[in-house]
């Protein structure tokens, strides 16, 4: 299995901190965000880590860790970025085995092996967690309905009236057999007007399962979340 870390955003909400530094290379508790993720990956049997970044920060990631494969998506600024879905499509063309996709600004505390064990016999697995409120759930992909086996029956991206506080984070485990189907979707149907998101499309087409974990997790989207994560890490590693 390979790990794909998405790190090609420009993080304008964190300016000036990210004006000349990629968000995953910001430090939390004396260690970069992406190194926190890499530490989790090293505890698994994942054989290779691939980082997808942009042309602006490509050299920074190349020198960051020579043991990691770094891909340059070719974008140079916020205006021409591929966004997560475009970078997933770009990365998949460089993967020929099972893979896990992780956002480069995820700071999580759970053991990745638990997720990988859950996903062993399943084609498509997403990771879910319960948010504090339904209001917060409006901002995320909502796991609206599941059955007793963990299969997602209904998934809605940023619903106006979510049925549940259970939402997906950017951490997906997919089998290699589904790779080409995903690429085909992203290069055809997704480019049409008002496309479904990848997870919405998958849940309507095939079996998608959700692994739920409510341990401490931070999506480093702005300075407030960055500071909150910094406080938590310092309190729990001192």
**Report entry** Value of D in µm² per second that Stokes-Einstein yields for the chain, Kirkwood Rh from Cα pairs, at 25 °C (0.890 mPa s)
**Finding:** 134
Report summary line: Calculated from DSSP helices alone, with each H run of at least 4 adding -39500 (n - 2.57) and the total divided by the residues of the chain, [θ]222 nm to the nearest 500 comes to -8500 deg cm²/dmol
Report summary line: Rounded to the nearest Å, the spacing of the alpha-carbon centers of the range 136-183 and the range 83-122 is 14
Requested in this report: Once you have a ≥ b ≥ c as the square roots of the Cα gyration tensor eigenvalues for the range 110-215, tell me rounded if a/c is under 1.5, and otherwise prolate or oblate according to whether a/b is larger than b/c.
Outcome: oblate
Requested in this report: Between residue 96 and residue 55, with labels modelled 7 Å along Cα→Cβ, what's the label distance in nm to one decimal, could you check?
Outcome: 2.9
Query raised in the report: Quick one: Cα centre-to-centre distance for the range 38-55 and the range 209-238, in angstrom?
Result: 19
Query - For the range 9-110: rounded, prolate or oblate by the Cα gyration tensor [a/c cutoff 1.5] - result: oblate
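None of the figures in this text is laboratory data; all of them are computed from the coordinates on show. As the structure is a computational prediction, the values presented were derived from the model and not from experiment. We place every Cβ from the backbone using ideal geometry, glycine too, and count neighbours over all the protein chains shown.
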